[in-house]
Amino acid sequence: MDIVLSQKSEKPIYSQIYEQIAAQIMNGELSAGEKLPPIRTVAVNLRISVIPVKQAWEQLEREGFIATAPGRGTFVNELANHEISNKRTSAAEELLTKNLVTCREMGLTLEEVLEIVKKHW
């Protein structure tokens, strides 16, 4: 499990953690049944408070990515292929919607946006 935080990001720390772990689960880097390190361990390794890690874990659990077994730890949930696909599509739509609104406000045309996407694909 790799997490890289950016102090320059506009996103809160807990959101950066959540997004990176969710992405690692969706792309198979973290497998179903895999045990996650304790919140305190993650916080110490990232040199941050336990609070944002706890917030990220709670969001991951609410959205079905992980489950906590009292006394045993926190584990990656088994997600069906359609669930993974739905979560990926939903996350992509959310990201793109915010950025497309900004592009439209900047006066870019659909064709210009598509060229930018193709350039970076």
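The values are calculated or read from the model by the stated rules, or taken from the named source; none is laboratory data. Predicted, not measured: the structure shown is a model, and the values here were computed from it. Glycine gets a Cβ as well: all are built from the backbone with ideal geometry, and neighbour counts include every protein chain shown. Just the protein is used for accessible areas: all its heavy atoms, side chains included, with ligands, DNA and RNA removed. Shrake-Rupley method; radii C 1.70, N 1.55, O 1.52, S 1.80 Å.
Structure summary
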{"quantity": "Residue list for the range 12-37, filter: open to solvent by less than 80 Å² (accessible area, probe 1.4 Å) and outside any helix (DSSP H, G or I)", "calculated": "Pro12, Gly28, Leu30, Ser31, Ala32, Gly33, Glu34, Leu36, Pro37"}
{"quantity": "Filter result (open to solvent by less than 50 Å² (accessible area, probe 1.4 Å), assigned to a helix (DSSP H, G or I), touching a residue at least 24 places away in the same chain (Cβ under 8 Å) and closer than 19 Å to Lys11 by Cβ) within the range 50-86", "calculated": "Pro52, Val53, Ala56, Gln59, Leu60"}
{"quantity": "Extreme residue, least open to solvent (accessible area, probe 1.4 Å), among residues of the range 95-121 that are outside any loop (DSSP other than H, G, I, E, B) and more than 24 Å from Glu10 (Cβ to Cβ)", "calculated": "Leu114"}
{"quantity": "Condition met for Asn45 (loosely packed, with under 15 Cβ neighbours inside 10 Å and modelled with pLDDT of 95 or more)", "calculated": "yes"}
{"quantity": "Close pairs (8 angstrom Cβ cut-off, 6 or more residues apart or separate chains): touching a residue at least 24 places away in the same chain (Cβ under 8 Å) in the range 21-45, surrounded by fewer than 13 Cβ atoms within 10 Å (Cβ to Cβ) and in a helix (DSSP H, G or I) anywhere", "calculated": "Pro37/Asn45"}
{"quantity": "Residue check, Arg40 of a type in the set (Lys, Arg) and closer than 16 Å to Asp2 by Cβ", "calculated": "no"}
{"quantity": "Residue within the range 35-45 that is within 16 Å of the chain's Cα centre (by Cα) and under 26 Å from Lys98 (Cα atoms) present", "calculated": "no"}
